[in-house]
Amino acid sequence: MPFPKTFLWGAATSSYQIEGAADLRGECVWDRFCHTWPSKVVHQHTGDVACDHYHRYREDVTLMQQLSLQAYRFSIAWARVLPQGTGAVNADGLAFYDRLVDELLAANIQPYATLYHWDLPQALQNQGGWSNPDSVGWFAEYADIVARKLGDRVKGWMTHNEPWIVAFVGHYYGGHPPGVADLTTTYEVAHHLLLAHGAAVPIIRQNTPTNTPVGIALNLNPAYPATPSAEDVAAAQRQDGFLNRWFLDPLFKGHYPADIMDLVADHFPKLDVSAVQAAAVPIDFLGVNYYLRNVIAASDDRPLQLRHIMPDDARKTALDWEIYPDGLHELLTRLQRDYDPKAIYITENGAAFDDPAPVNGVVDDPLRIGYFKEHFAAIERALADGAKVAGYFAWSLLDNFEWSHGYDKRFGLIHMDYQTLQRTPKQSAWFYRDLILASQ
Ligand code: IFM
């Protein structure tokens, strides 16, 4: 089954990973993390300059046009709009996104905006960040300001990107800011992220034309048992609840998964869990960020009693993530069956490989082309099996700041020379362009 003509083809980025111009906005948690905790980021890299997209966005939109992209998913830096997180607006910061949106529209590229892709204003982190119940109101204020300004032109909205990563990597594993390792705080943070989503959706709707799609982007990994044993099957169920259902169930069913609540009961914060019903506000699409599957075996490790297994025959990316396109088919059909979203956008999918430097303007990245082909085939099969997939955003438009991996890991369709900031589309970018043109 070919992709429908209405299928939207795009690419995605995020503010901290590409914008640079850190001196022209308020401090965010990633600035503080990179500068004060350099051991957490390889080579002590920071997002101070990144791809300097803030100054070079026109060139980047021209590149998008050359690649025939139909849509571009970007995120807004909260601290560029509100340097202190609330209160006084930085008009210049908001004007940057205004110009970007107009530039995209002039190039016939649909702007899709994410409000929060991990760069919380440090001023808010100083007040407890997402663990503070006031964060729900802070986010609502920010959403209102952005939606009022851009709501007439942005074609699709996402509240959060990967709230699981914000909660768990930032507050349980400690690998992202604020670098906390406490499961109780983690569940508080997850709760407030969900409530903030619920508060922001109606605010976005008030400020956008009817039928403007509003959703959220989740990182979802299908969980497979390492063996058919009942113990491993149950452990895979637990991993699914820990990662996927912790956000999916509140968003679509208005409650937390009971099996995981029981499992983490000793760590669960004292909060009114019924309040999470507010997260089940109707959305127009579910954004799916898919990179890998989890293969899981039972173990004695508390509280989850599971461990991750890497299959012996796994093919891997430069991040040692397993390449497993069937997992995307499995995930999409399962989401449609269990949660019945009105539509699904693949809001991120892609791979880091050790690409060669450009030679005479050519960057040969056959592994990425192969990766895309296999994942597109998986989406086609999911469409044929009834999953309502409406669009795909490749991660990422540009090589960029890959969080704790700094600039070492390259996901881009476009190669970045970080010394000269020269952009060179890789062969995968031209492959993607040809696919988009053929699908029209
Ligand atoms: O670069 C990240 C992005 O910010 C969020 N999703 C996963 C990508 C690759 O790690």
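Charges were assigned to the Cβ only: +1 to each Lys and Arg, -1 to each Asp and Glu. The resulting dipole of the chain about its Cα centre is roughly 980 debye. Find how many whole Å separate the alpha carbon centroid of region 303-326 from the alpha carbon centroid of region 115-135. Value for the Cα centre distance between the two parts: 32 Å.
Roughly how far apart, in whole Å, are the Cα centres of region 146-162 and region 65-98? Cα centres, region 146-162 to region 65-98: 10 Å.
Charge dipole of region 30-125 (Cα centre as origin; +1 on each Lys and Arg Cβ, -1 on each Asp and Glu Cβ, all else neutral): 220 debye, rounded to the nearest 20. Counting lysine pairs in the chain that sit 8 or more residues apart in sequence, or on different chains, and whose Cα atoms lie under 16 Å apart gives 8.
Annotation: the residues 158, 261, 310, 416, sorted from fewest to most other C-beta atoms within 10 Å of their own C-beta, follow the order 310, 261, 416, 158.
For residue 277, neighbours were defined as the other residues whose beta-carbon sits under 14 Å from its Cβ, and their charges (Lys and Arg +1, Asp and Glu -1) total -1. Neighbour counts of other Cβ atoms within 10 Å put 401, 372 in the fewest-to-most order 372, 401. Each of 404, 299, 274 was scored by other Cβ atoms within 10 Å of its Cβ. Arranged with the fewest first, they read 274, 299, 404.
Assuming charge only on the beta carbon of Lys and Arg (+1) and of Asp and Glu (-1), the dipole of region 241-283 about its Cα centre is about 140 debye to the nearest 20. Here is how the number arises for the chain: DSSP H runs of 4 or more residues each give -39500 (n - 2.57), the sum is divided by the residue count, and the result at 222 nm is -11000 deg cm²/dmol. Sorting the segments 198-209, 224-235 by their residues' average number of neighbouring beta-carbon atoms within 10 angstrom, most packed first, yields 198-209, 224-235.
Any read-out appearing in this document is the output of simple, stated calculations on the displayed coordinates, not a laboratory observation. Predicted, not measured: the structure shown is a model, and the values here were computed from it. Neighbour counts are summed over all protein chains in view; Cβ atoms, including those assigned to glycine, are modelled from backbone coordinates with ideal geometry.
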